[in-house]
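Worksheet: the structure to be examined is printed underneath.
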Amino acid sequence: PAMRADDLAIDLPLPDEHPLAPAIRYAEERCDYFRQNIRDYTCRLVKRERIGGVLQSYQYLDVKVRCEQVRDGETVHPLSVYLRYLAPKTHKGRQVLYVAGERDGRMLVRKGGRTLSSLTLRIALGSQLALRESNYPITEIGFDRIVERLLKIAKQDIEHDPHAQNTEVTYLRNAQVGKRRCMHIKVDHPRQNPQLAFHQASLFIDNELRIPTRLVVRDWPANGIGGEPPIIEEYTYVNPRLNLGLTDADFDESVFD
């Protein structure tokens, strides 16, 4: 199996170990760190996804999250998420509020955009309307959820390519997202295989904050023809701020304009 050790900051695989194994260990450590040390955060999210075969326009939104906090087996603070869209114009001013256990598990959405901007609805997380412009429910928007999703995919990749005949992994410690230094974990599956979820995936984890700040996932070129591999999904978390002490008031309906 191919593994380039350019500026390597993760242990090399053990003998006869799959090259994805160190990445899985590293990601699991990051998840553990996140659960133990991060209570809430804000950031600006820049994202686009391919939905129904069509790559959507970039969306820019401010994100505010308070993580679920459990003490002695009881939920002290439920998962709480507030989103405010800045662009494109069709979404500008949209606001989304979700607090686990409230509103019968539904999101509160103020439409924003150019028409009926003040229209406010309660929308079920997994409904067709909720997933019309996103491949994932609002509960999957956080840093930890992205890593957990990739961990699941990586473990499936090992099952489908156990001898790493179609898996290349590269680790770069001093990559950059904006001005911040990151660990870049890049996974390539050179040959198309319907059992594998992607052609290329690049995950960037901030060296100082120890959280993911960028993810790009690409599909194989159509019909195996060369050229730029098409993007499946792309997320960049800009200016993350951690452990601000967000309260219930930050996730109350009064946050809506």
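The values are calculated or read from the model by the stated rules, or taken from the named source; none is laboratory data. A quick note: this is a predicted structure, and the numbers were derived from the prediction, not measured. Cβ: placed from backbone, ideal geometry, glycine included. Neighbour counts: every protein chain shown. Ligands, DNA and RNA are stripped out before the accessible areas are found, and what is left, the full protein with its side chains, is counted by its heavy atoms. Shrake-Rupley method; radii C 1.70, N 1.55, O 1.52, S 1.80 Å.
Brief remarks follow.
- Expressed as a whole percent, the accessible area of segment 26-172 that falls on carbon and sulfur atoms is 47 (1.4 Å probe).
- Distance violations [Cα-Cα > 21 Å] among LYS152/LYS179; LYS152/LYS186; LYS89/LYS179; LYS64/LYS152: LYS152/LYS179; LYS89/LYS179; LYS64/LYS152
- Loop-resident GluC sites (Glu not before Pro) (DSSP state other than H, G, I, E or B) in segment 206-257 with no more than 16 further Cβ atoms inside 10 Å of their Cβ: GLU208.
- Ranking by accessible area, most exposed first, for LEU131, LEU108 with a 1.4 Å probe: LEU131, LEU108
- Helix axis angle, 21-37 relative to the chain longest principal axis, alpha carbon, degrees: 30
- Placing unit charges on each Cβ (+1 for Lys and Arg, -1 for Asp and Glu) gives segment 70-179 a dipole about its Cα centre, and among GLY93, VAL177, ILE146 the Cα reaching farthest toward its positive end belongs to GLY93.
- The long axis of helix 143-160 is offset from the longest Cα principal axis of the chain by roughly 40 degrees.
- For the pair GLU68 and ASN223 in one chain, pulling the backbone fully straight at 0.36 nm per residue adds 51.4 nm over the alpha carbon distance.
- The distance from the alpha carbon centre of segment 178-207 to that of segment 224-257 is 18 Å, rounded to a whole number.
- Here each label is just a point 7 Å from Cα along the line to Cβ, and for VAL76 and ALA249 those points are 2.0 nm apart.
- FRET efficiency, ALA100 to GLU168 (Cβ-Cβ, R0 51 Å, nearest 0.05): 0.85
- Each peptide in 162-168, 69-75 receives the mean, over its residues, of other Cβ atoms within 10 Å, and ordering these scores from highest gives 162-168, 69-75.
- Ordering TYR136, VAL54, VAL216 by the projection of their Cα atoms onto the charge dipole of the chain, which places +1 on the Cβ of Lys and Arg and -1 on the Cβ of Asp and Glu, puts VAL54 at the extreme positive end.
- Computed about the Cα centre, the dipole magnitude for segment 82-228 is approximately 960 debye when only Lys and Arg (+1) and Asp and Glu (-1) carry charge, each at its Cβ.
- Potential lengthening between GLN192 and SER134 on full extension [0.36 nm per residue; Cα-Cα distance subtracted]: 18.4 nm
- Note on ILE231 and THR90: the model spin-label points, each 7 Å out from Cα along the C-beta direction, lie 1.6 nm apart.
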